[in-house]
Each structure stands twice: as structure tokens, then as C-alpha cells.
1. Using all alpha carbons of the stretch 62-109, what is the percent of pairwise distances in each 5 Å bin, ordered from the shortest bin to the longest?
2. Over all Cα pairs of the stretch 6-58, how is the pair count split among 10 Å bins, expressed in % and running from 0 up to the last occupied bin?
3. With all protein chains present, how much of the accessible area of the stretch 4-56 (probe radius 1.4 Å) comes from carbon and sulfur, to the nearest whole percent?
4. Could you run the Debye sum over the Cα atoms of the chain, one equal point scatterer each and no solvent, and tell me log10 of I(q)/I(0) at q = 0.15 Å⁻¹, two decimals?
5. Taking 0.36 nm per residue of separation and subtracting the Cα-Cα distance, what length does fully extending GLU39 through THR7 add?
6. Provide the FRET efficiency to the nearest 0.05 for the LEU98-ARG58 pair, computing r from the beta carbons and using R0 = 41 Å.
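The values are calculated or read from the model by the stated rules, or taken from the named source; none is laboratory data. Because the structure is a prediction, the values reported are computed rather than measured. Don't worry about glycine lacking a Cβ; one is built from the backbone with ideal geometry, like all the others, and counts go over all protein chains shown. Just so you know, the surface numbers come from the protein's heavy atoms only, side chains and all, with ligands and any DNA or RNA stripped out. Shrake-Rupley method; radii C 1.70, N 1.55, O 1.52, S 1.80 Å.
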Amino acid sequence: EARGKVTSLEEECEHAATRGREQTAMHRREAEMMRSALEASQSRARSSEAALQEEVLRGASQKNVLGESAHALLGEKEAGMQELRRTIDRKDEEMLILKRSIENKDAEV
């Protein structure tokens with residue numbers, strides 16, 4: 001009878017050990033799946049971060065190009081305004097010369 005109990009206990013121990021090994025293997029598979037999912041998520045996050053950084057750099061570059069273009073346009077506008085001022089000054093001088101000429105002609109008459 002004692003031998004039967006020992007055999008029964010040995011079988012229970014073996015069964016418990018088998019269940020323990022199966023559960024350990026299952027937990028390892030779950031941990032590996034979770035690790036893989038985490039790595040995939042981190043990889044996607046890194047890719048998203050890289051894409052975002054690239055977009056930021058592209059935006060900064062476009063801002064620089066637009067700033068340079070605006071600066072160039074302002075320079076062109078300023079040059080045009082200076083040319084217009086010179087033209088107006090020349091026309092004012094011509095008008096003054098014509099006015100004096102008319103005054104001189106009136107004085108002669």
C-alpha cells in the first residue's frame with residue numbers, strides 16, 4: 001500500500017513537473033512574442049521619428065529658401081524704388097530747368 005502511495009505521489013510529481021515545464025515554455029513563448037512586438041513597435045517609433053526629423057529639416061530648408069527669396073525680392077524692390085527716386089529727381093530738375101527757361105523767355109518779352 002505504501003508503495004502504491006509512493007508511486008501515486010511520484011506520478012503526481014511527474015505530472016506537476018510536466019505542467020510546470022509546459023507553463024514555463026508557454027511563458028517563454030509569450031515573453032518572446034511580447035519582446036518581438038515591443039521591438040517592432042520601437043522600430044516603427046524610430047522610423048516615425050526619423051521621418052519627422054526629415055520633415056522638420058525639409059521645412060527648415062524651405063523656410064531658408066523662402067527667407068532668401070523674400071530678401072532678394074525686397075532687394076529688388078528697394079533697387080526699383082531707388083531707380084524711381086532718381087527718375088523723379090531727374091524729372092524735377094528738368095521741370096525746374098523748363099520753368100526757368102519759361103521765366104527767362106517771359107522776362108525777355
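1. Histogramming the stretch 62-109 at 5 Å steps yields 6, 18, 11, 13, 9, 10, 8, 6, 7, 4, 4, 3, 2, 1 percent.
2. Taking every Cα pair in the stretch 6-58, the percentages come to 22, 22, 18, 14, 11, 8, 5, 1.
3. With neighbouring chains kept in place, the figure for the stretch 4-56 is 56 percent.
4. -0.92
5. Contour length minus the Cα-Cα distance gives 6.8 nm.
6. Efficiency, from the Cβ-Cβ distance: 0.10.
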